[in-house]
Number of protein chains: 2
Amino acid sequence: MFSQFRNEFPLSEEKWNEYISYFDRIEVPAKTILLKEGEISKKLFIIEKGCIRVWFNNNGKDLTTQFFFENQSVASIESFMKKFPSQAAVETIEPSVLWYIHKNDLDKILEEIKEIPDLRDRLINMLFQRTFDYMKYFVSFIKDSPAQRYLNLIEERPQIIQRVPQHYIASYLGVTTVHLSRIKSKLLQKK
Amino acid sequence: MFSQFRNEFPLSEEKWNEYISYFDRIEVPAKTILLKEGEISKKLFIIEKGCIRVWFNNNGKDLTTQFFFENQSVASIESFMKKFPSQAAVETIEPSVLWYIHKNDLDKILEEIKEIPDLRDRLINMLFQRTFDYMKYFVSFIKDSPAQRYLNLIEERPQIIQRVPQHYIASYLGVTTVHLSRIKSKLLQKK
DNA sequence: TTCATTTGATAACAAATGTTATCGCATGCT
DNA sequence: AGCATGCGATAACATTTGTTATCAAATGAA
């Protein structure tokens, strides 16, 4: 799982092995709740196989805000960083194979690697990039119609279209399942 | 302008004076474009007096995404950081008194202060906080009705309601001016 | 296989929001 | 003061999106 990332990290063999030893592997079925709404997030997950969504409970309706697939890391990030109760829940969509690390262990690692300027700068750039991604996502949400956003998904994130049940996609797009069906059938007519 | 921030920065008197000498002061009327769409952002502004909006041109309609008031710093941040042409424009709403610094000078300062762990960590936390603010903003956008979002603005950012013309507020809420008028008149009926 | 459950499509109707046009008030300029 | 302009309210109508209900197909468990 981790060897593919080995050469990205300028670390000694010892440190590398120490760091990956902090991770545990689990296999879970679909619809496993990894973090409940209101809980404090204490684990960061990395997906070996499967997919995960992050969602908010909004008056009983669920509102999916993010999807994650293989090799991505997942946490309710604000809860994880600041030890706040999470507003969001984290749940598998498919049966999944996951690796996770406890926050305490990750904090140890981060404390150590931030003395390495190269890694430190990369971390900062990641944070910036995440901000920019949110901005882009948000602007598209106000700018584009649901139909256009659906087309964007097809172009930019085909995995979502292929692997995620449609009602989750609808909530991600901010529309009802009924309306997403209408969008799809209109798009088919035009072709 | 800067003396109120003096004690937040653990810097020598010399460095402090050097850093603030990089800033210039300008006075501009309302509706002054500080950055055009498509330009690369090379200045960071700090508002002494007045207010500013950041907006996107979307098929001729403008879409305001952010408002800034006294003591806040403003730039088209992705353009400024990465030297990309800016998708957004930056424009004064009121006649304003601004201070600005060129990116080159700011980069020099940042390069120096990031060796100070305290300042460096604060910078990183700022970036995280900005990410969290965007997430919150975004979630509210999908979760809440325009009327609810308008009520949130009254509660959380009364400056916007008081100082910003209504058509900018409408575009910020993602609705037309007509619809915002309807929202306001319905809220009045209920009281 | 068989049955229950999940998922998705569609129709009919309701509610929310956009579009266009008109009016009036306030503001700033000369 | 007088006038143009910007801003906001409102009405009538159009379009988009939500709600509820029903049905069909796919999927999963016994």
Estimated distance in nm for a label pair at B:Asn58 and A:Gln159, the labels positioned 7 Å out from Cα along Cα-to-Cβ
2.7
Leaving out ligands, DNA and RNA but keeping every protein chain, what accessible area does B:Leu123 have, in Å² rounded to the nearest 10, with a 1.4 Å probe?
60
Degrees, to the nearest 10: B:103-113 long Cα axis against longest axis of chain B:
60
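Could you work out how much longer the chain between A:Asp133 and A:Lys83 gets when fully extended? Use 0.36 nm per residue separation minus the Cα distance between them, nm to one decimal.
Values: separation 50, 0.36 × 50 = 18.00 nm, distance 2.36 nm.
My answer for the length gained is 15.6 nm.
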Give the Debye-formula value of log10 I(q)/I(0) at each listed q (0.18 Å⁻¹), with one equal scatterer per alpha carbon of the stretch B:3-116, two decimals each.
-0.95
Take the Cα of A:Val178, step 7 Å along the line toward its Cβ, and report every residue of the stretch B:160-178 whose backbone nitrogen sits under 11 Å from that point.
none
Summing +1 per Lys or Arg and -1 per Asp or Glu among the other residues with Cβ less than 13 Å from A:Ile169's Cβ gives +4
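Going by the alpha-carbon gyration tensor, a ≥ b ≥ c the square roots of its eigenvalues, is the stretch B:144-191 rounded (a/c under 1.5) or, if a/c is not under 1.5, prolate (a/b greater than b/c) versus oblate?
Numbers: a/c = 1.42, a/b = 1.13, b/c = 1.25.
Rounded is the answer for the stretch B:144-191, as its axis ratio a/c remains below 1.5.
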Sorting from shortest, the nanometre distances separating the label point of A:Lys31 (7 Å past Cα along the line to Cβ) from those of the same residue in the other copies are 5.8
Estimated vicinal HN-Hα couplings, Hz - the stretch B:64-69 in sequence order (Karplus 6.51, -1.76, 1.60; Gly, Pro = x)
7, 10, 8, 10, 9, 10
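For every other residue with a beta carbon closer than 13 angstrom to the beta carbon of A:Lys143, add +1 if it is Lys or Arg and -1 if Asp or Glu, then tell me the sum. Before the final figure, lay out each step's value.
Details: positive: A:Lys136, A:Arg149, B:Lys61; negative: A:Asp144, B:Asp62.
Spelling it out: positives minus negatives among the neighbours equals +1.
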Using θ = phi - 60° and the Karplus form 6.51 cos²θ - 1.76 cosθ + 1.60, what ³J(HN,Hα) does each residue of the stretch A:146-156 get, whole Hz, x for Gly and Pro?
x, 4, 5, 5, 5, 4, 4, 4, 4, 5, 9
Pop a pseudo-label 7 angstrom from the Cα along the beta-carbon direction at both A:Lys49 and A:Ser145 and give the gap in nm to one decimal.
4.2
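As a check on your grasp of the helix formula, calculate [θ] at 222 nm for chain B: sum -39500 (n - 2.57) over DSSP H runs of n ≥ 4, divide by the residue count, round to the nearest 500. Show your work: numbers first, answer last.
Numbers: 8 runs with 92 residues, N = 191.
My calculation for chain B gives -15000 deg cm²/dmol from helical runs alone.
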Between A:Leu188 and B:Met126, with labels modelled 7 Å along Cα→Cβ, what's the label distance in nm to one decimal, could you check?
5.2
Within 10 Å of each Cβ of B:111-122, how many other protein chain Cβ atoms are there on average?
1
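Working from the alpha-carbon coordinates of the stretch A:41-191, get Rg over Rh, Rh being the Kirkwood radius. The partial results should precede the final answer.
Values: Rg = 17.5 Å, Rh = 17.3 Å.
Taking Rh as the inverse mean 1/r over Cα pairs, Rg/Rh reads 1.01.
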For peptide B:44-50, the mean count of other chain Cβ atoms within 10 Å per residue Cβ is 0
Would you list B:Arg130, B:Arg6, B:Arg53 from the most to the least accessible area, probe 1.4 Å?
B:Arg130, B:Arg6, B:Arg53
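Under a Cβ-Cβ cut-off of 11 Å, what is the net charge of the residues other than A:Arg122 that fall near it, where Lys and Arg count +1 and Asp and Glu count -1?
-1
Hey, what did chain A get for relative contact order, percent, Cα under 8 Å, at least 6 apart? Display every interim value, and only then the final one.
Values: 258 pairs, mean separation 42.7, N = 191.
Once normalised by length, the contact order is 22 percent.
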If you count, for every residue in B:131-139, the Cβ atoms of partner chains within 10 Å of its Cβ, what is the mean?
6
Integer Hz, Karplus 6.51/-1.76/1.60 couplings in order for the stretch A:178-183, x for Gly and Pro
4, 5, 5, 4, 4, 4
Going by accessible area, probe 1.4 Å, with all protein chains left in place, what is the ranking of B:Glu8, B:Glu155, largest first?
B:Glu155, B:Glu8
If we sort A:156-168, B:80-92 on the protection proxy, mean other Cβ atoms within 10 Å, highest first, what's the order?
B:80-92, A:156-168
Cut-off 12 Å, label 7 Å out along Cα→Cβ of B:Lys42, residues of the stretch B:94-111 by amide N:
B:102-105
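Using a ≥ b ≥ c from the Cα gyration tensor of the stretch B:23-81 (square roots of the eigenvalues), is it rounded, prolate or oblate, where a/c under 1.5 gives rounded and otherwise the larger of a/b and b/c decides, a/b for prolate?
Prolate is the answer for the stretch B:23-81, as a/c is 1.5 or above and a/b outweighs b/c.
Quick one: what do you get for the protein assembly as shown if you divide its Cα Rg by 2.2 N^0.38 Å? Intermediate values should be presented prior to the final figure.
Details: Rg = 23.1 Å, N = 382, 2.2 N^0.38 = 21.1 Å.
The value comes to 1.10.
The values are calculated or read from the model by the stated rules, or taken from the named source; none is laboratory data. Since the structure is predicted, the reported quantities are computational estimates derived from the model, not experimental observations. Glycine gets a Cβ as well: all are built from the backbone with ideal geometry, and neighbour counts include every protein chain shown. Surface accessibility is based on the protein's heavy atoms, side chains included, excluding ligands, DNA and RNA. Shrake-Rupley method; radii C 1.70, N 1.55, O 1.52, S 1.80 Å.
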